[in-house]
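Step one of this worksheet: look at the structure below.
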2 protein chains.
Amino acid sequence: MSSHSGYRGKSLAFLEKHNLEVGNLVKVETDSAYSGILMPRYEYSDDKHIVLKLKSGYNIGVEIDKIKKIELESSETIKKENMPQPRVDPSLPKILLVSTGGTIASKIDYRTGGVTPALTAAELNATVPELAKIANVDTEVLFSEYSENLLPEHWKKIAEKINSHVKSEYKGIIIAHGTDTMQYTAAALSFSLAGIPIPIALVGSQRSSDRPSSDAALNLIAAARFLVESNTSGIYVVMHNNQSDDEVACHWATRVRKNHTSKRNAFQTIGGDPAFIVKREKIEKNPQFNHIQKDYMPKINFDTRVALVKYYPGLDPKIMEHIISAGYKAIIFEGTGLGHVGKILYEYVGKAKKKGLFLGMTSQCIDGMVRMTVYESGRDLLNLGIIPLGNIIPETALVKAMWALGTSKSIDEMEKTMKDNVAMEFSD
Amino acid sequence: MSSHSGYRGKSLAFLEKHNLEVGNLVKVETDSAYSGILMPRYEYSDDKHIVLKLKSGYNIGVEIDKIKKIELESSETIKKENMPQPRVDPSLPKILLVSTGGTIASKIDYRTGGVTPALTAAELNATVPELAKIANVDTEVLFSEYSENLLPEHWKKIAEKINSHVKSEYKGIIIAHGTDTMQYTAAALSFSLAGIPIPIALVGSQRSSDRPSSDAALNLIAAARFLVESNTSGIYVVMHNNQSDDEVACHWATRVRKNHTSKRNAFQTIGGDPAFIVKREKIEKNPQFNHIQKDYMPKINFDTRVALVKYYPGLDPKIMEHIISAGYKAIIFEGTGLGHVGKILYEYVGKAKKKGLFLGMTSQCIDGMVRMTVYESGRDLLNLGIIPLGNIIPETALVKAMWALGTSKSIDEMEKTMKDNVAMEFSD
């Protein structure tokens with residue numbers, strides 16, 4: 001491990017000038033005074049800040065140009081076991097934090113300077129001491145995977161884990177999850193656990209907890225408050241609502257999409273506002289809040305024989321032949337506009353229908369209703385047997401199709417399920 | 001043709017009560033007085049309005065509850081040849097309007113009640129008499145196709161048509177185009193005609209000109225003003241900027257996306273503001289306006305052997321084997337987050353690279369930069385030979401790859417082109 005891991009340019013020169021290394025306990029004076037452990041930085045970080053982990057567990061970035069004085073308090077690295085442990089308050093409700101990996105559960109890799117998913121749920125809990133004031137948080141590590149590596153078999157395990165705790169003492173469950181495929185897992189849980197009587201919050205962070213701008217703590221605290229205070233049930237994605245640190249949004253898990261690669265408020269509810277906004281002083285419920293009343297009868301299975309076909313000019317229609325011959329049972333189209341594909345595909349759509357595949361239409365516009373009766377093209381496709389899927393977002397439609405296929409006895413039964421509003425996937 | 005084509009419920013009862021038929025010339029009194037032809041409506045229209053085509057050429061919707069008096073002025077349908085012809089003013093600049101089809105060039109089909117792309121460019125021009133006050137507009141019909149049926153061979157014909165007029169008397173060219181695949185055509189023209197010295201405006205409408213809320217006239221008028229007044233060059237998509245009738249946006253044609261199935265302001269610039277806003281009183285240029293200076297050397301060719309792979313949990317990695325064996329030369333990935341695909345695909349990514357395919361990474365988040373050095377997964381994929389494609393939007397990346405493949409002598413040359421900022425496709 002380099003003694004200046006991740007630092008470069010001005011910030012590296014600054015540390016060398018003051019004879020400081022990553023891991024040192026230092027005292028810093030700017031307009032305020034701080035004491036904390038000098039943390040490593042990432043290879044893509046700017047060179048204008050140093051990062052300190054304060055005794056509170058928080059990381060802060062300090063601009064080196066504003067530092068009036070810096071000195072060594074101890075050259076020993078503070079070990080994990082010295083971190084403050086959360087206290088237990090028997091008057092508080094209990095929640096469970098299940099970690100699956102991702103940035104929220106990641107820490108810097110001292111060897112490569114990169115980020116790896118390795119922090120345990122217990123460490124995560126200890127890193128955010130505010131959690132202990134909201135609830136008694138039990139923690140459990142289910143996986144340590146970046147979410148791009150999670151598969152439908154992982155969805156199943158997460159759903160089974162949640163289901164095993166539904167009748168327990170927990171008021172709600174936090175699922176710490178990578179943001180890359182969080183919306184897919186969120187949709188999978190929404191369908192397989194439809195009607196669940198407790199609230200579940202999928203929480204991620206866009207910046208890891210070692211970074212000064214990390215959203216990990218804020219999102220976790222908001223999720224815990226949401227579970228304890230909101231008096232609701234169902235599956236939600238709980239992530240930053242804006243660029244400031246004011247608001248965290250609780251999105252309906254079937255209507256949420258990651259719409260930016262790096263912003264902390266990357267997650268957005270499509271075609272409406274989030275279900276709840278967690279503010280400093282209160283939790284605001286969407287006045288249009290809607291809830292599908294259902295008995296809780298978990299159906300936890302997924303069948304991946306569903307193909308996603310995004311239509312674009314130049315798409316080789318033979319891809320449809322591959323899909324038919326490879327044994328797929330369903331196709332979700334990401335059509336253009338109100339739900340169209342080019343005439344060039346019609347013959348193959350007809351063939352797929354004859355083979356008994358379920359054919360569902362969504363729009364690559366992402367927002368807005370599919371309406372297939374407006375234009376000739378849409379009516380032609382309806383006649384060929386394509387089912388319009390309202391304003392469901394394409395990724396949710398895909399997950400729903402895997403779930404409906406995995407839990408239906410026939411394609412007819414699957415089609416019926418695809419048309420039902422199971423978990424707020426149709427918002428109009 | 002039904003005498004009440006498209007009318008139903010309250011509005012049908014209203015017409016029957018007053019003995020009126022579609023095609024009648026009627027006088028209507030509300031708070032104002034109108035005289036116009038009673039137009040047919042669509043099968044999905046509401047039943048609260050009737051639609052009149054005024055002598056000015058505009059259609060308006062009149063709420064039947066607000067009608068104080070309605071009477072027949074003439075029972076004869078006004079024929080097209082009686083419509084006012086635009087006058088020619090030799091002091092005005094000349095522009096060309098090329099029609100390719102789509103809603104903007106569509107009219108109601110009196111037989112089915114649906115919308116078909118059939119209006120000629122000349123009719124379009126005559127329908128919007130304001131155009132004649134801005135420029136002398138020559139018109140030409142290139143195709144009459146819904147844009148979901150346009151293919152890269154059509155892109156080529158549109159580009160060649162524009163190129164044949166670059167050195168002519170036209171100050172600019174309007175391409176009337178369906179909105180379904182407008183962004184694909186716009187990107188194709190941006191790359192193949194990079195450096196074009198005149199402005200080109202792709203214009204569509206989300207509601208056909210027979211509908212009371214049609215955006216066809218506003219968009220066309222704004223496009224004509226933009227071509228004549230803006231003193232710029234390059235390819236732009238010119239569409240409604242908000243829900244009101246105040247503003248029309250001119251989007252950089254490589255950074256625009258249709259983000260709603262039906263709203264009039266469905267088109268949005270991704271990761272920034274539009275290049276220009278056409279307001280009633282003036283045309284505002286984006287203060288961050290940027291322009292890539294290039295000599296005009298049109299390269300008009302597209303090779304469709306490019307596959308789009310959108311990664312999602314459960315994607316069968318064998319799709320990659322199909323792509324390799326089917327003879328594709330390039331893959332554009334729509335990865336997750338900062339530009340990832342699951343480990344399950346790594347082996348096949350390696351195989352595709354060995355076979356010499358170009359592999360480019362974009363993000364299904366749509367907005368934001370691809371950054372593949374932050375996480376282990378990204379670095380693994382870089383090592384496997386995937387090229388990160390900045391903040392290009394996935395659909396534009398796909399079109400660019402078809403163009404780069406069609407105009408390069410080798411995959412190495414293609415790769416070089418893919419990394420170049422040819423037409424503002426990278427905005428950061």
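Just so it is clear, none of the values below were taken in a lab; they were calculated from the coordinates. A quick note: this is a predicted structure, and the numbers were derived from the prediction, not measured. Don't worry about glycine lacking a Cβ; one is built from the backbone with ideal geometry, like all the others, and counts go over all protein chains shown.
Count the net charge of all other residues whose Cβ sits under 11 Å from the Cβ of A:Gly360, scoring Lys and Arg as +1 and Asp and Glu as -1. Walk me through the numbers on the way to the answer.
Details: positive: A:Lys400, A:Lys419; negative: A:Glu334, A:Glu415.
The answer is 0.
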Quick check for you: which residues of region B:149-185 have the amide N under 14 Å from the point 7 Å beyond the Cα of A:Glu376 toward its beta carbon?
B:149-150
Need the full-extension length gain, A:His291 to A:Ser32, defined as separation in residues times 0.36 nm minus the C-alpha distance. One decimal, nm.
88.5 nm
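Would you mind giving the mean number of other chain beta-carbons within 10 Å of the Cβ of each residue in A:359-371, as a whole number? Let's see the in-between values first.
On the way: counts 0, 0, 0, 1, 5, 8, 11, 6, 7, 7, 3, 2, 3.
Average neighbour count from other chains, rounded to a whole number: 4.
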Treating only the Cβ atoms of Lys and Arg (+1) and Asp and Glu (-1) as charged, compute the dipole magnitude of chain A about its Cα centre; round to the nearest 20 debye.
520 debye
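Taking R0 as 41 Å, what's the FRET efficiency between A:Asn301 and B:Asp245 from their Cβ-Cβ distance, rounded to 0.05? Write out the running numbers ahead of the final one.
On the way: r = 51 Å, r/R0 = 1.24.
In this case the efficiency is close to 0.20.
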On a straight-distance basis, which lysines could pair with B:Lys282 in a cross-link, Cα separation under 18 angstrom, same-chain partners fewer than 8 positions away excluded?
B:Lys133
Per-residue counts of other Cβ atoms within 10 Å, averaged by peptide: what ranking do you get for B:163-172, A:379-388, highest first?
A:379-388, B:163-172
Inter-label distance for A:Asp47 and A:Lys133, nm, one decimal - labels placed 7 Å from Cα along Cα-to-Cβ
4.0 nm
In which sequence would A:Ser208, B:Ser190 go, from the one with the fewest C-beta neighbours within 10 Å to the one with the most?
A:Ser208, B:Ser190
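Which of rounded, prolate, oblate describes region A:84-285, given a ≥ b ≥ c as roots of the alpha-carbon gyration tensor eigenvalues and a/c under 1.5 marking rounded, otherwise prolate only if a/b is larger than b/c?
Values: a/c = 1.15, a/b = 1.07, b/c = 1.08.
The shape class here is rounded.
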Shortest first and in nm with one decimal, please list how far the B:Asn19 label point sits from its counterparts in the other copies (point 7 Å along Cα→Cβ).
10.8
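Got a sec? How would A:Lys48, A:Lys69 order by Cβ neighbour count within 10 Å, fewest to most? Could the numbers behind the result be given before it?
On the way: A:Lys48 15, A:Lys69 10.
Placing the least packed residue first, the sequence is A:Lys69, A:Lys48.
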Which pairs break 26 Å Cα to Cα here: A:Lys355/A:Lys400; B:Lys48/B:Lys258; B:Lys53/B:Lys285; A:Lys318/B:Lys416; A:Lys55/B:Lys343; A:Lys279/B:Lys285?
B:Lys48/B:Lys258; B:Lys53/B:Lys285; A:Lys318/B:Lys416; A:Lys55/B:Lys343; A:Lys279/B:Lys285
Residue farthest toward the positive end of the dipole of the protein assembly as shown, with Cβ of Lys/Arg at +1 and Asp/Glu at -1: which of A:Asn136, A:Gln288, B:Ala186?
B:Ala186
Between the label point of A:Asp420 and that of the same position in each other copy, find the distances and list them shortest first in nm, with every label point placed 7 Å from Cα along the Cα-to-C-beta direction.
5.6
What average count of beta carbons from other chains do you get within 10 Å of the Cβ of residues in B:332-345?
5
With the dipole of chain B worked out from charges on the C-beta (+1 for Lys and Arg, -1 for Asp and Glu) around the Cα centre, which of B:His240, B:Ser427, B:His322 lies farthest toward the positive end?
B:His322
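Between A:Tyr346 and A:Lys409, what's the calculated FRET efficiency when r is the beta-carbon distance and R0 is 45 Å? Round to 0.05. Present the calculation step by step, with values, prior to reporting the outcome.
On the way: r = 30 Å, r/R0 = 0.67.
So the FRET efficiency works out to roughly 0.90.
Can you show me the helix-derived [θ] at 222 nm for chain B, built from DSSP H runs with n ≥ 4 at -39,500 (n - 2.57) apiece and divided by the number of residues, rounded to the nearest 500.
Values: 11 runs with 106 residues, N = 428.
Calculated mean residue ellipticity at 222 nm is -7000 deg cm²/dmol.
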Dipole of region B:306-419, Cα-centred, from +1 at each Lys and Arg C-beta and -1 at each Asp and Glu C-beta, to the nearest 20 debye?
280 debye
Using the Cα centre as the reference, give the magnitude of the dipole from point charges on the C-beta atoms of region A:84-285 (Lys, Arg: +1; Asp, Glu: -1; all else neutral), rounded to the nearest 20 debye.
200 debye
Shielding by partners, peptide A:172-181 (average Cβ within 10 angstrom, other chains):
3
Cβ nearest the rotation axis (B onto A), residue from chain B and distance to the nearest whole Å
B:His322, 2
Neighbour net charge for B:Gly335 - beta-carbon separation under 9 angstrom, K R +1, D E -1
-2
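Rounded if a/c is under 1.5, else prolate if a/b is larger than b/c, else oblate: which is region B:311-428, with a ≥ b ≥ c the root eigenvalues of its Cα gyration tensor?
Numbers: a/c = 1.65, a/b = 1.09, b/c = 1.51.
Here region B:311-428 falls in the oblate category.
From the Cα gyration tensor of chain A, with a ≥ b ≥ c the square roots of its eigenvalues, which class applies: rounded if a/c is under 1.5, or else prolate if a/b is larger than b/c, or else oblate?
On the way: a/c = 2.48, a/b = 1.84, b/c = 1.35.
Verdict is prolate for chain A.
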Cβ-based exposure ranking for B:Phe14, B:Phe358, in which fewest neighbours within 10 Å come first:
B:Phe14, B:Phe358
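In a shell of Cβ-Cβ distance under 12 Å around A:Cys250, excluding A:Cys250 itself, what net charge do Lys and Arg (+1) and Asp and Glu (-1) give? Please report the intermediate quantities before stating the final value.
Details: positive: A:Arg225, A:Arg255, A:Lys279, A:Lys285; negative: A:Glu229, A:Glu247, A:Asp273, A:Glu284.
Local net charge: 0.
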